[in-house]
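Colleague: Below you will find the structure I want to go over with you.
The values are calculated or read from the model by the stated rules, or taken from the named source; none is laboratory data. Everything quoted here is computed from the prediction, not taken from an experiment. Note that we place each Cβ from the backbone using ideal geometry, even for glycine, and neighbour counts take in every protein chain shown. Accessible surface areas use protein heavy atoms only, side chains included; no ligands, DNA or RNA. Shrake-Rupley method; radii C 1.70, N 1.55, O 1.52, S 1.80 Å.
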Amino acid sequence: MGLFSKDIKSLDDLFIHTLQDIYYAEQQITKALPEMIEKASDPQLKQAFQTHLGETQQQIQLVEQVFRMHGHDPKGVTCPAIDGIIDEAQEIAGDIDDPEVLDAALLAAAQAVEHYEITRYGTLVAWAKQLGREDCAGVLHQILDQEKSTDQKLSRIAESKINTKAA
């Protein structure tokens with residue numbers, strides 16, 4: 001944790017810090033998805049991104065609910081990991097002229113985001129249970145299930161047509 005380790009003295013502190021991290025990440029994702037929707041050319045991919053934007057907005061509300069359930073005000077902390085994933089996606093997308101290759105790149109970037117979210121929510125669920133907060137774990141698990149479902153949907157789209165068209 002380096003610079004921030006002095007603020008993290010317990011699993012509860014680490015839980016809150018990670019909740020703040022994913023809260024920031026979800027907000028950044030809602031800012032990035034509209035541009036991805038605009039750049040995507042495949043209608044099914046556009047729709048998947050649009051659906052996930054709505055889910056992400058709901059997930060932000062659920063994360064805020066977990067903060068309140070745990071006795072904290074919702075607040076984010078900068079997440080260099082999600083910033084890096086989004087920055088890389090924007091950089092790569094800016095270098096691609098072929099719309100089918102661009103769709104493949106956008107889809108891969110979206111899956112990188114999903115995988116990050118899956119790791120964070122999986123950890124948060126486990127820590128909430130360890131802290132005796134089954135209520136928080138239940139809400140976080142609901143988000144985790146949505147993230148896994150989105151990742152599976154993106155995999156189906158990639159394997160059924162996007163990657164083939166880009167090849």
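Colleague: Quick one: dipole size for the chain, taken about the Cα centre, charges +1 on Lys/Arg Cβ and -1 on Asp/Glu Cβ, in debye to the nearest 20.
Modeller: Charge dipole, the chain, about its Cα centre: 520 debye, nearest 20.
Colleague: Name the residue from 36, 61, 155 whose Cα lies farthest towards the positive end of the charge dipole of the chain, charges +1 on Cβ of Lys and Arg and -1 on Cβ of Asp and Glu.
Modeller: The one lying farthest along the dipole's positive direction is 61.
Colleague: Further, regarding this structure: List residues of region 119-141, by number, whose backbone nitrogen lies under 14 Å from a label position 7 Å along Cα→C-beta of residue 155.
Modeller: Flagged as within label range: 119.
Colleague: Sticking with this one: Tell me whether the chain comes out rounded, prolate or oblate; compute the Cα gyration tensor, take square roots of the eigenvalues as a ≥ b ≥ c, and use a/c under 1.5 as the rounded threshold.
Modeller: Working: a/c = 2.51, a/b = 1.92, b/c = 1.31.
It is prolate, given that a/c is not under 1.5 and a/b is the larger ratio.
Colleague: Would you check region 1-106 for Lys pairs whose C-alpha atoms are within less than 22 Å, ignoring same-chain pairs closer than 8 in sequence, and give me the count? Don't skip to the end; give the middle numbers.
Modeller: Values: 6/75; 9/75; 31/39; 31/46; 31/75.
Close lysine pairs under the 22 Å cut-off: 5.
Colleague: Further, regarding this structure: How large is ³J(HN,Hα), in whole Hz, for each residue of region 118-127 in order, when computed from phi with the Karplus curve 6.51 cos²θ - 1.76 cosθ + 1.60 and θ = phi - 60°, using x for Gly and Pro?
Modeller: 4, 5, 5, 5, x, 5, 4, 4, 4, 5
Colleague: Given a Förster radius of 41 Å and the C-beta distance between residue 164 and residue 65 as r, what FRET efficiency does 1/(1 + (r/R0)^6) yield to the nearest 0.05?
Modeller: Details: r = 41 Å, r/R0 = 1.00.
So, using R0 = 41 Å, E works out to roughly 0.50.
Colleague: For region 11-166, report the accessible area per residue in Å² (1.4 Å probe, heavy atoms, rounded to an integer). Let's see the in-between values first.
Modeller: Numbers: 7360 Å² over 156 residues.
On a per-residue basis, 47 Å².
Colleague: Same structure again: Work out the FRET efficiency for residue 142 and residue 41 from their Cβ-Cβ distance, taking R0 = 35 Å, and round it to the nearest 0.05.
Modeller: Numbers: r = 32 Å, r/R0 = 0.92.
Computed FRET efficiency for residue 142 and residue 41 comes out at 0.60.
Colleague: Whole angstrom only: what separates the Cα centroid of region 146-161 from the Cα centroid of region 73-99?
Modeller: 19 Å
Colleague: Another question, if that's okay. First compute the accessible area of region 11-166 with a 1.4 Å probe, then give the percent of it belonging to carbon and sulfur atoms.
Modeller: Values: 3570 of 7360 Å².
Summing carbon and sulfur atoms, their accessible area is 48 percent of the total for region 11-166.
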